[in-house]
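Enquirer: To start, I am sharing the structure in question, which I have written as structure tokens.
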Amino acid sequence: MHFINWILDAMDIPSKYRPESSESKWYKYWLEQGFFRSEPDERAPYVITIPPPNVTGVLHMGHMLNNTLQDVLVRRHRMMGRNVCWVPGTDHASIATEARVVAKLKEEGINKSNLTREEFLEHAWKWTEKHGGIILEQLKRLGASCDWDRTLFTMDDLRYRSVIKVFVDLYRKGLIYRGIRMVNWDPEAKTAVSDEEVVYTEEDSKLYYVKYRISGSDAFITIATTRPETILGDTAVCVNPSDERYRHMEGCKVIVPMVNREVPVIFDDYVDMEFGTGCLKITPAHDVNDYEIGQKHGLEEIDIFNDDGTLSSEAGLFIGTDRFKAREMSVNLLKEQGLLSKIENYRNKIGRSERTNSIIEPKLSMQWFLKMREISKPALEAVVNSDINIYPHKFKNVYKHWMENVRDWCISRQLWWGHRIPAWHYSSTGFVVAENEDEALEIAREATGNKNLSSEDLKQDEDVLDTWFSSWLWPITCFNGILEPENGDIRYYYPTNALVTAPEILFFWVARMIIAGYEYRDEKPFDDVYLHGIVRDKDRRKMSKSLGNSPEPLNLIDKYGADGVRVGMLLCSPAGNDLLYDDSLPEQGRNFANKIWNAYRLVRSWKTDKSIAAQPVWSAEAGEWFNNRLNEAIREYNRAFEKYRISDALMIVYRLFWDDFASWYLEAIKPDYGYPVDAKTVSTTLDFFDRLLRLIHPFMPFITEEIWQMMENRGAGSSIMISDMPDAGKVSSRSLKGFEHARMLVTAIRNIRKENNLPARENLQLFISKKSVEEEQPYQNLVKRLANISDIQHTDSKPGNSLSFMIGTSEYYILIGTKIDTRAELEKLEADLEYNRGFLDSVMNKLNNAKFVNNAPEQVVEREKKKKYDTERKINSLLERINDLKSRE
């Protein structure tokens, strides 16, 4: 015989796949070859801008899921011939980073309050430079194919100047204003936070029933409150005008407990007559709804809290005491004064800062705001009209609801780390807005008429901008589209193609990017928004290091390999739904990698004989079927990606490789022990393997590159990641249907062997009832090969000493001599008969329903009629077989 060896002998392939060496080797190779880099050219671009992680952050499970999804998308499109540009970067994260730096300084015995702004920022920049690149380096371990030469930072020079330019532009358009408004105040971070940065949770609380004396009498009214310390800021008591219990109170005043301040009783429909006693204390400076009522009724506003959550001098009592300690002291004082009638346990929603977990304090504060109503309209229309598609589609209505009820955006933060607001104050009430101090001075001189005004007379605003005010420009500033709106990059890469992120930032990032896109490019920032779920543990708790329920991502990569972890993250991550993580998921991913590796080793262990002239007929049949199955799977795979059903796409190739290729195709073509394989079968198998690897590559980049490079001598600079994604060829439904029939037939024969203890190596004879000849019986040679059948014949009647079974409406018999267990066979047939009779009843219920027959689509009715016909044939055949067996007992 004339044997040929493939590129590597099977003995040269390690028995186990070693991801640790493969991953570092191929990632280094990809970087050296510049496969991730992108410059504008004649190809169609495919662009994703990474949701920038916090600059001080480290990789967590949410990042793993998010960036795996992005990498899958960009790798697939790179193989589809697109000029892929995946822009990486980090976010300066004002609140989180400043908190980290403050904590670090405290450890060193330094208080922020003892530093100048410049000194603090020097520490912050050092911290950022030390920790800023950690998370991006960790993403490389995952296999992220970002264009690292384009790495950005939201506070680098271009991004900083872009943010300032946009602020000035919006101010001059009349869209930014400054004023005292009720804001969400974080006493720990000592800054305002947006509505979207407040997390509400159900918590145990107390409801305190407090007596307010009616002025000029000894009578009292009782008011229920969860916050007795805020009584010190009360400026009215409010009741519903429809409440008969308090109609006599019109024109009355009451005495505020503890501080003995006389305040009016007012009437407003806002009050819920069913809550508490139906009386509401009004504290305009410390409750959003009270503030609205206060504005409506012209009430005084008494701010009883300092920025750190301690009580201010305005409170009159407990000055300098923490707000929660002041609550205890208020309760004790009310008890002493006999003004606390009772306390009830109560469960209510508490708002906490997303960044510090501190309980939010509604507080009146001088802040900068962006008017949102008009500027948001194009962004709303874009999603409603499907110019931008949100996946899953269920979030479209969520987006619409929020955008139709949008509020002005508080864009200022009382921090030092961030983009400093470009406003310069020249008096206690006067200020100018400009891109720099020189321009500000010029404008201030013109505004005041004072030509002698100098820079020493100007003081820049102390606040910085909300972090999201830089992030909302991200798709534009990634390509310097604010400072140079007509540059080559922005014209080529914008709008981007997809944004992959989580639903919880749909509003305060995704929506705002769309708003900015239409405001500054008159164009959407991206075509599609893909929203993935949150990674949770088996108890549905969000994974976090503080809860101790989050594994270390890099440890998972070390244990299961990057490919295993990537597959594990996607196996149970249907679009928009949360991923319930368990270590069995990356283990399953690792097992899949091993399956691919072992399949390749198996194929490579075979010898090829070029002298074999003809391909065995069963190999030809297997090749015909799998080629059709592969083409069908490619179509399914592409459709899944079009709908952003990325986990479905993974499962399509997972099952295609594991079930169809490894379990059926390779089983059919593998040679008998010690025999070679013909060249045609080898060539066909290698082609299938190549196409399978390319389909799998976006999900498992490392092992696919490792095997693909082994398969033949590749030229310098070659890589699977820049090879073509396989096209879907023609699909023969006849072939697929025929093999499915053959597969069920083989499975049934194998089950009969097992149930009757028939050795796998024993040849059996298979008979087909001639009543079944109207059904095609394809792939008979493959059936013989896989089921070890010596002969297949047609027969008019059931042979003696045979077992019968049905596949569809075809009846088969296996000749097994005297080994048949008649009683067991009868029990099986009677169970099958009972099932089919029940099934027929359910079908007849539909067909006997005139409403169904008259209103259902014609093809649906015909499908039910075919079910009826096939099931009746099965029942008749089963009855014949049962009667035949009974006659032999």
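The values are calculated or read from the model by the stated rules, or taken from the named source; none is laboratory data. The model shown is predicted, which means the values in this text are computed figures rather than measured ones. Cβ coordinates were reconstructed from backbone atoms using ideal geometry, including for glycine residues, and neighbour counts include every protein chain displayed. Heavy atoms of the whole protein, side chains included, go into the accessibility calculation; ligands, DNA and RNA do not. Shrake-Rupley method; radii C 1.70, N 1.55, O 1.52, S 1.80 Å.
Enquirer: So for the stretch 49-135, what percent of the C-alpha to C-alpha distances run longer than 20 Å? Working shown, then result.
Expert: Working: 1792 of 3741 pairs.
Percentage above 20 Å: 48.
Enquirer: Then there is this: Only sites in a loop by DSSP and with at most 11 other Cβ atoms within 10 Å count here; which chymotrypsin sites (Phe, Trp or Tyr not before Pro) in the stretch 235-298 make the cut? Don't skip to the answer; put the middle values down first.
Expert: Numbers: sites: 246, 267, 270, 275, 291; in loops: 270, 275.
Taking the stretch 235-298 and a limit of 11 other Cβ atoms within 10 Å, the loop chymotrypsin sites (Phe, Trp or Tyr not before Pro) found are 275.
Enquirer: If you take the charge dipole of the chain about its Cα centre, with +1 on Lys and Arg Cβ and -1 on Asp and Glu Cβ, which of 719, 346, 634 is farthest toward its positive end?
Expert: With unit charges placed on the Cβ atoms, the residue in question is 634.
Enquirer: Still on this structure: Using only the alpha carbons of the stretch 59-213, what is the convex hull's orientation-averaged projected area in square nanometres? Working shown, then result.
Expert: Details: hull surface 68.2 nm².
Computed as one quarter of the Cα hull surface, the answer is 17.1 nm².
Enquirer: Only loop residues by DSSP count here, and only those with at most 16 other Cβ atoms within 10 Å; note down the GluC sites (Glu not before Pro) in the stretch 488-528 that meet that. Each step should come with its number before you reach the end.
Expert: Numbers: sites: 504, 519, 523; in loops: 523.
For GluC sites (Glu not before Pro) across the stretch 488-528 that sit outside H, G, I, E and B with at most 16 neighbouring Cβ atoms in 10 Å, the list reads 523.
Enquirer: Pairwise over distinct Cα atoms, reciprocal of the mean inverse distance: report the Kirkwood radius of the stretch 194-294 in Å, one decimal place.
Expert: Working: mean 1/r = 0.0700 Å⁻¹.
Hydrodynamic radius (Kirkwood, Cα only) of the stretch 194-294 equals 14.3 Å.
Enquirer: Another question, then. How would you classify the stretch 238-278 from its alpha-carbon gyration tensor, with a ≥ b ≥ c the square roots of the eigenvalues: rounded for a/c under 1.5, else prolate if a/b is greater than b/c, otherwise oblate? Show your work: numbers first, answer last.
Expert: Values: a/c = 2.38, a/b = 1.62, b/c = 1.46.
Prolate is the answer for the stretch 238-278, as a/c is 1.5 or above and a/b outweighs b/c.
Enquirer: Would you report the distance distribution of C-alpha pairs in the stretch 648-806 as whole percents per 5 angstrom bin, up to the bin with the largest distance?
Expert: 1, 7, 13, 17, 16, 13, 11, 9, 6, 4, 2, 1, 0, 0
Enquirer: Let me ask something additional. Using the Cα gyration tensor of the stretch 719-773, with a ≥ b ≥ c the square roots of its eigenvalues, what is the shape: rounded (a/c below 1.5), prolate (a/b larger than b/c) or oblate (neither)? Intermediate values should be presented prior to the final figure.
Expert: Working: a/c = 4.69, a/b = 1.88, b/c = 2.49.
Since a/c reaches 1.5 but b/c is at least a/b, the shape of the stretch 719-773 is classed as oblate.
Enquirer: Would you mind getting me the FRET efficiency between residue 872 and residue 760? Use the beta-carbon distance for r and R0 = 51 Å, nearest 0.05.
Expert: Values: r = 36 Å, r/R0 = 0.70.
The formula returns an efficiency of 0.90 here.
Enquirer: How big is the Kirkwood radius of the stretch 1-110, worked out from every pair of different alpha carbons and given in Å to one decimal? Working shown, then result.
Expert: Numbers: mean 1/r = 0.0542 Å⁻¹.
Kirkwood hydrodynamic radius for the stretch 1-110: 18.4 Å.
Enquirer: Please turn the phi angles of the stretch 180-187 into ³J(HN,Hα) values with the Karplus equation 6.51 cos²θ - 1.76 cosθ + 1.60 (θ = phi - 60°), one per residue in order, whole Hz, x for glycine and proline.
Expert: These are the phi-based 3J(HN,Hα) values: 8, 9, 6, 10, 7, 9, 9, x Hz.
Enquirer: Cα centroids of the stretch 746-769 and the stretch 840-864: how far apart, whole angstrom?
Expert: So the two Cα centres are separated by 38 Å.
Enquirer: How would 595, 190 line up by accessible area, probe 1.4 Å, largest first? Don't skip to the answer; put the middle values down first.
Expert: Values: 595 60, 190 100 Å².
Heavy-atom accessible area, descending, gives 190, 595.
Enquirer: Treat every Asp and Glu Cβ in the chain as -1 and every Lys and Arg Cβ as +1, leave all other atoms uncharged, and give the resulting dipole magnitude about the Cα centre to the nearest 20 debye.
Expert: On the way: 118 positive and 135 negative charges, 599 e Å.
Computed about the Cα centre, the dipole is about 2880 debye.
Enquirer: What is the projected area of the convex hull of the Cα atoms of the stretch 582-684, averaged over all directions, in nm²? Kindly include the intermediate steps, with their values, before the conclusion.
Expert: Details: hull surface 29.9 nm².
The number I arrive at for the stretch 582-684 is 7.5 nm².
Enquirer: Let me ask you something else. Over the chain, with the other protein chains present, what is the accessible area per residue in square angstrom, probe 1.4 angstrom? Let's see the in-between values first.
Expert: On the way: 40030 Å² over 889 residues.
Per-residue accessible area for the chain comes out at 45 Å².
Enquirer: Report, ordered by chain and residue number, the lysines lying within cross-link reach of residue 112, taken as a straight Cα distance under 19 Å and ignoring same-chain residues fewer than 8 apart.
Expert: 104, 126, 190
Enquirer: Next up: Suppose we take every Cα in the stretch 348-486 and form the convex hull; what volume per residue is that in Å³? List each step's numbers first, then the result.
Expert: Numbers: hull volume 26.6 nm³, N = 139.
Enclosed volume per residue, from the Cα hull, is 192 Å³.
Enquirer: Beyond 22 Å, what share of the Cα-Cα pairs of the stretch 287-363 remains, rounded to the nearest whole percent?
Expert: Values: 1209 of 2926 pairs.
I get 41 percent for the Cα pairs in the stretch 287-363 exceeding 22 Å.
Enquirer: Just how much of residue 864 is accessible, in Å², when a 1.4 Å probe is used and the result is rounded to the nearest 10?
Expert: 10 Å²
Enquirer: Still on this structure: Based on the mean of other beta carbon atoms within 10 Å per residue, what is the order of 450-461, 43-54, most packed first? Present the calculation step by step, with values, prior to reporting the outcome.
Expert: Details: 450-461: 12.4, 43-54: 20.9.
In descending order of packing, they fall as 43-54, 450-461.
Enquirer: Determine how many Å³ per residue the convex hull of the Cα atoms of the chain encloses.
Expert: Spelled out: Cα convex hull of the chain, divided by residues, is 248 Å³.
Enquirer: Among 19-30, 327-338, what's the highest-first ranking by average C-beta atoms within 10 angstrom per residue? Walk me through the numbers before you get to the answer.
Expert: Values: 19-30: 16.7, 327-338: 15.1.
Averaged packing, sorted descending, gives the order 19-30, 327-338.
Enquirer: May I ask for the percentage of alpha-carbon pairs in the stretch 478-550 that lie more than 16 Å from each other?
Expert: On the way: 1571 of 2628 pairs.
For the stretch 478-550, the share of Cα pairs beyond 16 Å comes to 60 percent.
Enquirer: For the stretch 113-159, take every pair of Cα atoms, bin their distances at 5 Å starting from 0, and report each bin as a whole percent.
Expert: Whole-percent P(r) values from 0 Å outward: 5, 16, 20, 21, 16, 11, 6, 4, 2.
Enquirer: Oh, and also: Of all accessible surface on the stretch 62-109 at a 1.4 Å probe, what whole percent is carbon and sulfur? If you can, show how the numbers build up before the last one.
Expert: Numbers: 620 of 1230 Å².
Ligands and nucleic acids excluded, carbon and sulfur give 50 percent.
Enquirer: If you don't mind, there's one more thing I want to ask. Among all the aspartates and glutamates, which ones have a C-alpha under 20 Å from residue 538's C-alpha, if same-chain residues fewer than 8 places away are not counted?
Expert: 552, 578, 582, 583, 587
Enquirer: Taking amide H atoms as placed 1.01 Å from N in the peptide plane, list the residues 5 or more away in sequence, or in a different chain, whose amide H sits under 5 Å from that of residue 236.
Expert: Those qualifying (amide H under 5 Å, at least 5 residues apart or on another chain) are 282.
Enquirer: Give the long-range amide H neighbours of residue 56: residues separated by 5 or more places, or on another chain, with amide H under 5 Å away, using H modelled in the peptide plane at 1.01 Å from N.
Expert: So residue 56 has HN proximity to no qualifying residue.
Enquirer: Take each of the peptides 719-727, 135-143, average the number of other beta-carbon atoms within 10 Å over its residues, and list them starting from the highest. Walk me through the numbers before you get to the answer.
Expert: On the way: 719-727: 16.9, 135-143: 20.1.
In decreasing order of mean packing, 719-727, 135-143 become 135-143, 719-727.
Enquirer: Would you mind telling me the share, in percent, of accessible area of the stretch 588-693 contributed by carbon and sulfur at probe 1.4 angstrom?
Expert: Working: 2000 of 4300 Å².
For the stretch 588-693, the apolar C and S fraction of the accessible surface comes to 47 percent.
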